[in-house]
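Structure first, then comments.
Each value in this text was obtained by applying a stated rule to the coordinates, not by laboratory testing. All of these numbers come straight from a predicted model, not from anything done at the bench. A quick note on method: Cβ atoms are made from the backbone with ideal geometry, for glycine too, and the neighbour counts reach across all protein chains shown.
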Amino acid sequence: MSIDVGDRFQREFAVEDAVIEAFGSAAGDRNPVHFDDRYAASTRFGGRIAHGMLTASFLSAILGNDLPGPGTVYLGQTLRFLAPVRPGDRVRCEVEVTALEPRRRRVVLATRAWVGETQVVDGEATVIAPEAAFS
């Protein structure tokens, strides 16, 4: 599979309490804004929110599984968290190829996520793509 500038892949992810719990346990991030309804209600968000890096990990899943795909290695990622993701939300994540450097197998991709019509993440990833991505 050869990739080109403009190629995109999109997938939806469910942000359920069990997913937030598993991510918090794996990361060791037990911030009460993610787990404690009473505490979270007193914050600027007015309720619990998912970890920002949980949404970022959904983008990572697309890069490693779909575009560019298996064998992809992260080199860098910028992220801007634009709005909260809450328990029960469905997050639509998209990666889009914006630049290619075939000689070094480098790919730059826009990384974005939305809940409904609200963009929640904007960023850019740089990866080393598998050789097959340039065949």
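Here are several values of volume of the Cα convex hull per residue in Å³: (i) 100; (ii) 120; (iii) 263. Which one was derived from the coordinates shown?
(i)
Among Val15, Val107, what is the fewest-to-most ranking by other Cβ atoms within 10 Å?
Ascending number of Cβ neighbours within 10 Å: Val15, Val107.
Does segment 1-77 classify as rounded, prolate or oblate by the C-alpha gyration tensor (a ≥ b ≥ c root eigenvalues; a/c under 1.5 gives rounded; else a/b over b/c gives prolate, otherwise oblate)?
Working: a/c = 3.02, a/b = 2.49, b/c = 1.21.
Since a/c reaches 1.5 and a/b is larger than b/c, the shape of segment 1-77 is classed as prolate.
Quick one: net charge around Val127, please, counting Lys, Arg +1 and Asp, Glu -1 for every other residue with C-beta under 10 Å from its C-beta. Working shown, then result.
Numbers: positive: Arg105, Arg106; negative: none.
Local charge sum for Val127: +2.
Trp114: net charge of surrounding residues, Cβ under 15 Å, Lys/Arg +1, Asp/Glu -1, itself excluded?
On the way: positive: Arg8, Arg11, Arg80, Arg86, Arg90, Arg92, Arg112; negative: Glu12, Asp89, Glu94, Glu96, Glu117, Asp122.
Net charge in that neighbourhood comes out at +1.
Given Cβ point charges of +1 (Lys, Arg) and -1 (Asp, Glu) and nothing else, what value in debye, to the nearest 20, does the dipole of segment 29-110 about its Cα centre take? List each step's numbers first, then the result.
Numbers: 12 positive and 8 negative charges, 33 e Å.
So the magnitude is around 160 debye.
Give me a comma-separated list of calculated 3J(HN,Hα) values for segment 123-135, in order, Karplus coefficients 6.51, -1.76, 1.60 applied at θ = phi - 60°, integers in Hz, x for any Gly or Pro.
x, 8, 10, 10, 9, 9, 8, x, 3, 4, 5, 10, 8
Debye calculation, C-alpha points only, no solvent: report log10 I(q)/I(0) for segment 87-135 at q = 0.17 Å⁻¹, in the same order as the q values.
Each listed q corresponds, in turn, to -0.57.
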